[in-house]
Amino acid sequence: MSNEVESAQVNDATEVNQLSSSAAVESHAGSCDEEMPLLLLNDVVRSIPNHVVKALLSIGVCSRCVLRIFGTEDRIYCHPLLSQSMLRSIIEEVTGFKSEGSAQFCSVCLGILQFSYCNDKETMVKMESPNDMALTIAELVKKEGHQIDGFSLEVSVPQLIMENESSLLSAMRKRYESEPWFQERLLSKCVPVKDVLKFAITKPLETLLDVKSSSAGCFRIRLTYTHKMASDNSVERNQGFKRRKIGKENGLHNVNDESVISNKVCSDYSTNETISVTGSSSNILQDQEPYEHLRIPIDKVSEPCHLVYLCYRTHIYLCGRYLKYSRNVSQTRWIIDEERMGEASVEEIIGSNILPMCRGDNYKFHAAGREDIDVRMLGSGRPFLLEIHNARQVPSEETVNEIESKINGLENKLVGVKNLKVVGSQGWTLMREGEAEKQKQYCALVWISRPLEDEDVQSISLLNDMQILQKTPIRVLHRRSPLEREKIIHWMKIERIAGSSQYFLLHLCTQAGTYIKEFVHGDLGRTQPSVGSILGCRAEILRLDVTDVKMDSF
Amino acid sequence: MVDQTHKPEETAVPNNLQQHHKQDEEHHQQQQSVRENAEYEDKELHKLLVPDITLLPLTPPSAVESNFASYFAPDFMNPGNDQYIYRHPNGLCVVGLASTHSAFKDKVGVSAVDFNVGKSDRSGMKVTGKRKKNAQHFESNTALCKVCTNDASYIIRCCVKGSLLEVNERLIKQPELLNSSADREGYIAIIMPKPADWHKVKASLLSLEEFKKLRALC
């Protein structure tokens with residue numbers, strides 16, 4: 001075959017390709033219900049120079065990678081029903097390439113686009129087509145019992161593939177840039193492995209799962225490929241590259257020689273087409289390359305990648321307000337030396353009732369502030385956010401209302417819930433927004449060491465936005481910084497209790513972060529002023545209730 | 001043409017008015033029920049807040065009694081040097097003068113308190129952070145301060161080995177706090193002992209009951 005004939009063939013093929021590609025874009029809508037457009041595939045293969053295809057195949061590049069490197073627009077190589085064997089036989093038919101022995105794993109994509117991998121049971125899996133792979137994934141989703149209305153596909157591949165690809169592309173560029181067909185087909189059209197995989201299996205997945213895919217899906221299907229070679233060799237290879245670089249700089253003489261050699265070989269090559277077409281093309285590719293480090297990625301790959309499938313829903317959130325009626329229930333699980341403090345926790349009561357309704361794996365409880373175990377949370381309730389991990393289903397409004405009634409109807413009446421609803425990730429912003437302006441309202445049962453006078457009631461009610469200085473209370477001083485904190489008591493009101501002269505109810509509204517108990521008894525004089533110091537006597541607090549957490553957004 | 005377009009409007013006006021009235025009433029009723037709900041909720045809340053007076057003790061336990069375990073070191077290093085240690089469940093110890101201390105035998109009582117004893121002024125140290133950086137480590141016999149009456153002065157010591165977190169600086173300007181409430185606002189210092197050090201000293205301390213017996217207090 002002479003040079004001229006070869007170029008003519010290539011030109012013809014390109015023309016044909018241009019004609020058919022526009023048609024292909026329309027017909028190949030990507031539906032796997034359509035029949036495989038085999039004619040189109042034929043055309044596509046013919047549009048790539050034969051000797052290039054054979055050169056790539058002989059160094060272990062898989063058929064799909066060959067096609068994607070040339071980035072044909074119709075992406076026929078992504079068709080879900082296109083099986084390995086079909087693709088291979090068409091390529092061999094068109095180019096006359098004879099594959100040697102058993103199928104290897106692609107030296108560029110490490111077998112990923114051959115749908116071969118090692119699964120978590122360490123078994124080798126070889127899928128025939130993208131559709132088969134999609135079937136396996138769909139089965140996993142159904143097995144988990146996920147109820148979804150969409151999905152987002154994420155693929156992670158070893159870095160090694162990018163390195164292999166760029167080495168191969170630069171080698172190809174060097175080798176073929178002088179050839180006539182090269183100007184038309186720039187190697188920048190190479191389609192990444194990830195995109196090919198995603199495009200191939202997304203449509204069949206949509207059909208099998210009966211939902212649409214989107215990049216912003218809440219349900220994630222993640223395929224993570226790893227390869228033994230990837231972690232071991234990358235460091236070595238980099239070092240090799242460095243060594244090579246230094247060698248070149250030192251020996252100017254050598255560089256000149258090498259470049260002279262390469263030019264010579266190139267021009268020789270273009271006239272000796274017959275030699276290149278047969279199996280020895282790989283040797284020539286490697287030998288005339290001055291960059292010897294490129295040889296390593298072109299090595300045969302004996303093992304495929306290890307694939308881990310993961311499908312999960314991103315966190316869902318439920319928000320609401322909780323009430324705590326008991327003085328023996330902590331807000332969150334509290335365990336000291338394997339013993340639980342209190343008889344239950346708000347977190348567990350709410351979480352354990354919601355998690356099963358979402359069929360989730362785990363929950364995390366977040367509240368806007370907290371109260372002591374012996375302090376009740378009454379009135380409007382305290383805003384909270386419950387994060388549910390990997391929920392198999394998102395509860396409907398009806399279900400949420402049922403959960404709320406169930407919790408409020410529990411026999412022991414320890415905890416109550418209000419305004420429970422599913423909320424998006426904006427739940428976080430809502431919580432944070434409210435925190436800054438938070439004012440809290442309390443009711444304390446106070447005893448003083450002398451009878452209460454009317455003047456006391458008066459003077460207390462007149463104190464508005466009073467500033468107090470609190471040293472870190474002794475009861476938390478072991479775990480908090482010793483600081484003096486300024487706090488504001490917005491207003492106070494004394495409510496007399498019938499039948500008692502020394503007990504009364506103190507209603508007060510304070511800035512967030514105020515220690516109320518210490519404000520009443522003075523904490524050995526470390527909170528100034530205190531209720532005791534204001535009234536000029538000893539004051540003790542018997543019990544405390546939170547009556548309002550002001551937060552509009554909840 | 002103009003007349004025809006007016007006609008429907010004229011007949012429509014009374015209907016609109018009627019609708020408005022209805023809406024107003026509904027709105028009013030809604031507001032009424034919201035208010036009633038709020039009032040009902042307030043009443044329910046109030047029921048929860050008001051205690052049953054019959055269940056309350058005449059004199060409740062003090063904050064110190066409820067939150068600390070009291071220990072006493074009678075005649076610590078010197079006869080008449082009775083000191084208390086209030087230990088919180090979190091391990092912190094508040095030390096001070098017991099009511100039976102010699103300083104209170106004086107009619108006037110304490111007149112001055114000086115923290116500048118030993119090698120440094122105890123009121124000058126700054127302890128920072130959760131890890132309590134810069135806290136000085138003292139032995140149980142390290143001096144905390146000097147308490148003066150008209151006739152005498154007494155050295156008050158730690159009684160327990162540990163890190164000094166805080167001294168009661170208010171005593172400098174208001175030494176009379178010791179006379180009025182040595183057991184509360186007149187505390188001397190807060191010390192953080194290691195659990196092992198606490199166990200060692202605990203054996204040599206008396207409980208409130210034992211102390212009362214020793215000093216023949218009621």
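Computed from the coordinates by the stated procedures, all read-outs in this text should not be read as laboratory data. None of these values were measured; they are calculated from a predicted model. Neighbour counts run over all protein chains shown; Cβ positions are idealised from the backbone, glycine included.
For A:Lys198, the lysines whose Cα falls under 26 Å of its own Cα, not counting residues fewer than eight places away in the same chain, are A:Lys121, A:Lys126, A:Lys142, A:Lys143, A:Lys189, A:Lys212, A:Lys228, A:Lys300.
Placing unit charges on the Cβ atoms of the charged side chains and taking the dipole of the range A:405-462 about its Cα centre, the candidate lying farthest along the positive direction among A:Ile460, A:Ile448, A:Ser405 is A:Ser405. Note on A:Ser188 and B:Lys43: their simple-model spin labels are 7.9 nm apart, each label 7 Å out from Cα toward Cβ. For the range A:444-546, list log₁₀ I(q)/I(0) at each q in 0.11, 0.14, 0.15, 0.16 Å⁻¹, using the Debye formula over Cα point scatterers of equal strength and ignoring solvent, two decimals each. Those come out to -0.31, -0.50, -0.57, -0.65, one per q.
With a Förster radius of 22 Å applied to the C-beta separation of A:Asp465 and A:Ala498, the computed FRET efficiency comes to 0.10.
Taking 0.36 nm per residue of separation and subtracting the current Cα-Cα distance, fully stretching the chain between A:Tyr309 and A:Ser533 would add 74.0 nm. Placing dummy labels 7 Å off each Cα toward the beta-carbon, the span from A:Asn353 to A:Glu398 is 2.0 nm. Output the relative contact order of chain B, whole-number percent, from Cα pairs under 8 angstrom with separation of 6+ residues. Normalised by residue count, the contact order of chain B is 18 percent.
Would you tally the net charge around A:Lys324, using a Cβ to Cβ cut-off of less than 15 Å, leaving A:Lys324 out, and scoring K and R as +1, D and E as -1? Net local charge, A:Lys324 excluded: +2.
Count Lys and Arg as plus one, Asp and Glu as minus one, and take only other residues whose Cβ is under 14 Å from that of A:Gln458; the net charge is then -3. Sorting A:Thr123, A:Thr527, A:Thr399 by the number of Cβ atoms found within 10 Å of their own Cβ, with the fewest placed first, yields A:Thr123, A:Thr399, A:Thr527.
The order of A:Asp523, A:Asp552, B:Asp183, going from fewest to most other C-beta atoms within 10 Å of their C-beta, is A:Asp552, B:Asp183, A:Asp523. The share of alpha-carbon pairs in chain B lying farther apart than 30 Å comes to 46%.
For the range A:354-475, the relative contact order is 21 percent, taking Cα pairs closer than 8 Å that sit 6 or more residues apart in sequence and dividing their mean separation by the residue count. Projecting label points 7 angstrom from Cα along Cα→Cβ for A:Ser425 and A:Lys550 puts them 3.2 nm apart.
Over all other residues within a Cβ to Cβ distance under 9 Å of B:Phe76, the charged ones net out to -1, with Lys and Arg as +1 and Asp and Glu as -1. For A:Leu506, A:Leu205, the sequence from fewest to most other C-beta atoms within 10 Å is A:Leu506, A:Leu205.
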